[in-house]
1. Of the residues A:I371, A:I419, A:I387, A:I362, which is hydrophobic (A, V, I, L, M, F, W, C) and touching a residue at least 40 places away in the same chain (Cβ under 8 Å)?
2. Within segment A:53-98, can you find the residues that are at positive phi and surrounded by fewer than 20 Cβ atoms within 10 Å (Cβ to Cβ)?
3. Being touching a helix residue (DSSP H, G or I) at 6+ places or on another chain (Cβ under 8 Å), part of a helix (DSSP H, G or I) and among the polar types (S, T, N, Q) is the filter here, so list the residues in segment A:57-116 that pass it.
4. Can you tell me which residue within segment A:300-332, out of those that are away from DNA strand B (no atom under 14 Å from the Cβ) and of a type in the set (S, T, Y), is surrounded by the most Cβ atoms within 10 Å (Cβ to Cβ)?
5. Only residues that are part of a helix (DSSP H, G or I), within 22 Å of A:L245 (Cα to Cα) and among the acidic types (D, E): list them for segment A:284-328, please.
6. Restricting attention to segment A:335-348, report how many residues are more than 9 Å from DNA strand B (Cβ to nearest atom) and either assigned to a loop (DSSP other than H, G, I, E, B) or touching a Phe, Trp or Tyr at 6+ places or on another chain (Cβ under 7 Å) (or both).
7. Among what's in segment A:349-368 and is closer than 16 Å to A:F399 by Cα and in a loop (DSSP other than H, G, I, E, B), pick the residue that is nearest to DNA strand B (Cβ to nearest atom).
8. Which residue pairs have Cβ atoms closer than 6 Å, lie 6 or more positions apart in sequence or on different chains, and pair a first residue in segment A:342-355 that is of a type in the set (G, A, S) with a second residue that is within 6 Å of DNA strand B (Cβ to nearest atom) and in a loop (DSSP other than H, G, I, E, B)?
Amino acid sequence: MLKSSAYRSRTEIPKSVFFFFRSSSSAPRSKFHNYYLRKRRKWPHPVYKSRWHEKLSQQHAMQALRNQASSSPINLLSSLVESFALYNCDPTPNSYHFVIKTLIKTSQSHHIPSVLSHLEQFEKFETPESILIDLIEFHGQKREFQKAIELFFRSPNFRCTPSVDSLNSLLSVLCRRKEGLHVVPQVLLKSRLLNIRLEDSSFAILIEALCKFKNPKNAIGLLHHMVDHDIDIDDGSFSLILSTLCQQNNLECNEFIDLLEEMKKLGFCLNRTDWGNVIRFMFQRKKGMEALEALRKMKSDGFKPDVICYTMVLDAVIYTGEYESADQVFDEMLVMGLVPDINTYNVYVNGLCKQNKFDDGIMMITSMEEIGCKPNMITYNTLLAAICESGEVDMARDFLKHVRGKGVVLNSKMYEAMICRMVCAGDVSDALDLLEEMVRKSLVPRPSTLDEIVSSLCGNGLVSKGLDLVMEMLGKSILPGSRSWEALIVGFRIEHTFREIDLSVLE
DNA sequence: GTAGGGTTAG
């Protein structure tokens, strides 16, 4: 592989001279290229001139290597050695970087180890860290964590003093997968021997990984470590940990609040998004008072909550049954100049329904129309379901009529709510009319809805009518639930018993 | 300053 003759000749003749002697360039030779010039000189060539020569030779060698690589990218290490020997100069770090990158690009990574051992044994220059970083990244992509680690700790062999940059690239590689993350502590411990001090950027990588693998509490542990070692904590790390905490389904509200306080003590100043996340956490767990408190703190931190924040708080507060607070929240939102949207109104209407304020709810629908916020199916469903639930059949009927009058097409939820309420009130025939209407509109009633009707029919002695209904539905591939069958069986058995009793009386 | 985050009921 090595052209030993070329090496030998380099020791005998000054490089710069050799270069001009061999150069095939058409540069004006007459002025400089005299081979014997050196002998007649009193002083050797100035150093800067040799350096300049060396650089030029290396450029030529590099070009030769590039040409070779593009025409036939095999035996690149030999090409490297030969090209530089041809121009009688030392291979540059750049040439190694080029070879390694080409090997990776042309799927010849199996040649990388021999290039590295050549670099290790025969060269003198300090290998630039960027070469090692590229290789660590390459191993990372192939999930060869052990190789990445080995390469990193082998840096001194390449006369490279690894900095936090290559440590960070190793950490990023390891942090991509859980099994990599597990060996990070050992790597960090060992990296102390290389005198590398972890920087905030390194911690950011670790925190991001811990959050990715849903371990925000350990990330908070790292924050403590950073504070103890006077390392600045990035706002992004705080925010990321917070949003990861918010995604923890098994995290209790109290513990969440404690962890938030802990982070605040470590210097966390929540931004608008962070507060939004806190409110959403409380909203999802239906913690009305805690959501309200978060809203208050958000405002005292100088952020104006938007409609979505208010809607979430409103919903949580209503769920908790704090209707007075709910009204205050709603009013406050208006005072703040925010315009409630359909979601906000639906939440509010839901609150009215929970207080059985159906008239207010219906009035609200009218006001919504007036201010140009058209009620949607959720608004109607909420109100109708609540009215039905309360047992106010007549009001439900009126409401349904009102809704139909607006040209709203009823959906199956509305039909079913109404049917169930009618059955409860004993209006089975009206219920059957509605059932027929919904089936005609290709809406499929749930099995439990059919069960309500069939049970009611059977309970009122109309067993065969119940059976007819079930058969009719089955014919349309609409299945009743088990309660329908039970009601039918019980109903027929009772009829049979009655018949037996009648007969025995006659006899 | 941005985006994204929010509504029924089973």
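1. Values: A:I371 fails: touching a residue at least 40 places away in the same chain (Cβ under 8 Å); A:I419 fails: touching a residue at least 40 places away in the same chain (Cβ under 8 Å); A:I387 fails: touching a residue at least 40 places away in the same chain (Cβ under 8 Å).
On inspection, the qualifying residue turns out to be A:I362.
2. If the condition is that a residue be at positive phi and surrounded by fewer than 20 Cβ atoms within 10 Å (Cβ to Cβ), then A:N75 is the only one that fits.
3. Correct list: A:S57, A:Q58, A:Q68, A:S79, A:S83, A:N94, A:S95, A:T102, A:S109, A:S114.
4. Taking segment A:300-332 first, the residues away from DNA strand B (no atom under 14 Å from the Cβ) are A:300, A:322-325, A:327-328, A:331-332.
Narrowing further to those that are of a type in the set (S, T, Y): A:300, A:323, A:325.
Numbers: A:S300: 8, A:Y323: 15, A:S325: 19.
Filtering first and then ranking leaves A:S325.
5. A:E290, A:E293, A:D315, listed by residue number.
6. 5
7. A:N356
8. Matching pairs, first to second residue: none at all.
The values are calculated or read from the model by the stated rules, or taken from the named source; none is laboratory data. What you see is a predicted model, and the numbers here were worked out from it, not measured in a lab. Don't worry about glycine lacking a Cβ; one is built from the backbone with ideal geometry, like all the others, and counts go over all protein chains shown.
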